[in-house]
Amino acid sequence: MTDPLLPELLRLAQEAARRAGELLRDGRPADLAVAATKSSPIDVVTEMDIAAEKLITDVISDHRPDDGFLGEEGASSEGSSGIRWVIDPLDGTVNYLYGLPTWSVSIAAERDGERIVGVVAAPMRGETFHAVLGGGAWATGAWEGERRLTVRPAPPLDQALVSTGFNYVAEVKAHQAEVARQLIPLLRDIRRGGSAAVDLCDLAAGRLDGYYERGLNAWDVAAGDLIAREAGALTGGRPGERPSRDLTVAGTPGVFEPLQHHLEAFGAWHD
């Protein structure tokens with residue numbers, strides 16, 4: 001990393017993600033479904049989400065008070081440094097609610113609108129993913145130390161394992177199910193992990209061949225998109241477009257284009 005700013009931003013993102021992950025992991029009630037001190041389990045999750053975002057913004061602001069923020073839980077400021085942090089403090093809230101391990105803390109740094117650093121921590125899986133622009137993608141895990149990530153060799157589409165996600169609005173989900181119904185016979189199989197950030201990192205790590213989802217926000221994909229691309233994946237939205245709320249598509253070279261083509265034909269970009 002020849003740019004001296006990148007290591008600083010990476011270390012800060014890693015520290016903030018680690019601390020937020022520990023807060024969420026250690027602060028989650030053992031039986032969240034019957035948390036007696038709150039009106040509902042959702043209240044507990046929301047409070048943990050907000051607390052994690054505040055922790056992240058506090059950690060970063062202590063070191064870089066002039067940076068801006070865009071966070072899922074409302075953190076929003078322009079800043080004056082040219083650096084903006086895009087934060088999802090808890091990606092995979094339903095998994096978190098149910099005690100499933102696939103949830104994450106996602107933190108990305110942008111400079112003048114370009115993503116330059118991404119960190120995704122998955123505490124219950126014991127691993128953290130990171131990337132800097134032009135520096136490759138990496139994962140650390142207690143069982144194997146640090147390793148560089150590279151996407152899988154591209155299979156034919158009919159041998160591709162592809163992940164997706166679904167909206168929680170019934171009418172929207174019904175159309176997404178119809179898209180999946182048409183797509184599944186063309187693939188090896190399909191998965192629904194529950195965290196867009198983790199799905200993109202799993203693509204980077206060679207655990208998936210492709211991923212798509214409609215309705216994502218910038219904080220859902222900012223870090224994971226950079227990590228996937230630095231591992232060799234292609235990412236986009238509708239043909240010729242960048243990832244957006246309309247559609248996010250990612251895949252290994254050779255899978256990305258035919259997957260994107262079918263999603264366009266099946267109307268995955270609208271409800």
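The values are calculated or read from the model by the stated rules, or taken from the named source; none is laboratory data. Just so we're clear, the structure is a prediction, and the values are computed from it rather than from any experiment. Heads up, the Cβs are rebuilt from the backbone with ideal geometry, glycines too, and the neighbour counts pull from every protein chain shown. For accessibility, only protein heavy atoms count, side chains too; no ligands or nucleic acids. Shrake-Rupley method; radii C 1.70, N 1.55, O 1.52, S 1.80 Å.
Per-residue answers, yes or no, for (1) at pLDDT below 95; (2) touching a Phe, Trp or Tyr at 6+ places or on another chain (Cβ under 9 Å); (3) closer than 18 Å to Leu6 by Cβ; (4) not β-branched (Val, Ile, Thr):
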position: Gly113; (1), (2), (3), (4): yes, no, yes, yes
position: Gly118; (1), (2), (3), (4): no, yes, yes, yes
position: Ala121; (1), (2), (3), (4): no, yes, no, yes
position: Ala131; (1), (2), (3), (4): no, yes, yes, yes
position: Ala137; (1), (2), (3), (4): no, yes, yes, yes
position: Gly141; (1), (2), (3), (4): yes, no, no, yes
position: Leu149; (1), (2), (3), (4): no, yes, yes, yes
position: Arg152; (1), (2), (3), (4): no, no, no, yes
- Message: For the stretch 68-95, give me the residue count where each residue is touching a residue at least 12 places away in the same chain (Cβ under 8 Å), open to solvent by 10 Å² or more (accessible area, probe 1.4 Å) and over 18 Å from the mean Cα position of the chain (by Cα).
- Response: 4
- Message: Take the residues in the stretch 101-122 that are of a type in the set (S, T, N, Q) and either part of a strand (DSSP E or B) or surrounded by 24 or more Cβ atoms within 10 Å (Cβ to Cβ) (or both); name whichever of them is nearest to the chain's Cα centre (by Cα).
- Response: Ser106
- Pairs where the first residue, in the stretch 1-16, is without any contact (Cβ under 8 Å) to a residue 24 or more places away in the chain and farther than 13 Å from His63 by Cβ and the second is open to solvent by less than 70 Å² (accessible area, probe 1.4 Å) and assigned to a helix (DSSP H, G or I), C-beta under 7 Å, 6+ apart: none
- Item | Counted residues, the stretch 6-29 - those being within 16 Å of Ala139 (Cα to Cα) and surrounded by 20 or more Cβ atoms within 10 Å (Cβ to Cβ) | 4
- Item | Residue within the stretch 214-221 that is among the β-branched types (Val, Ile, Thr), touching a residue at least 60 places away in the same chain (Cβ under 8 Å) and under 25 Å from Ala75 (Cβ atoms) present | no
- Given (1) among the small types (Gly, Ala, Ser); (2) over 18 Å from the mean Cα position of the chain (by Cα); (3) assigned to a helix (DSSP H, G or I), number of the condition Ala52 does not satisfy: (2)
- Query: Which ones in the stretch 211-242 are basic (Lys, Arg) and either assigned to a helix (DSSP H, G or I) or open to solvent by less than 10 Å² (accessible area, probe 1.4 Å) (or both)?
  - Reply: Arg229
- Inspect all residues belonging to the stretch 38-56 and state whether any of them is open to solvent by 60 Å² or more (accessible area, probe 1.4 Å), modelled with pLDDT of 95 or more and out of contact with any helix residue (DSSP H, G or I) (no Cβ under 6 Å at 6 or more places or on another chain). yes
- Message: Quick check on my filter: what residues within the stretch 243-257 are outside any loop (DSSP other than H, G, I, E, B), more than 18 Å from Glu178 (Cα to Cα) and in contact (Cβ under 8 Å) with a residue 24 or more places away in the chain?
- Response: Ala250, Gly251, Phe256
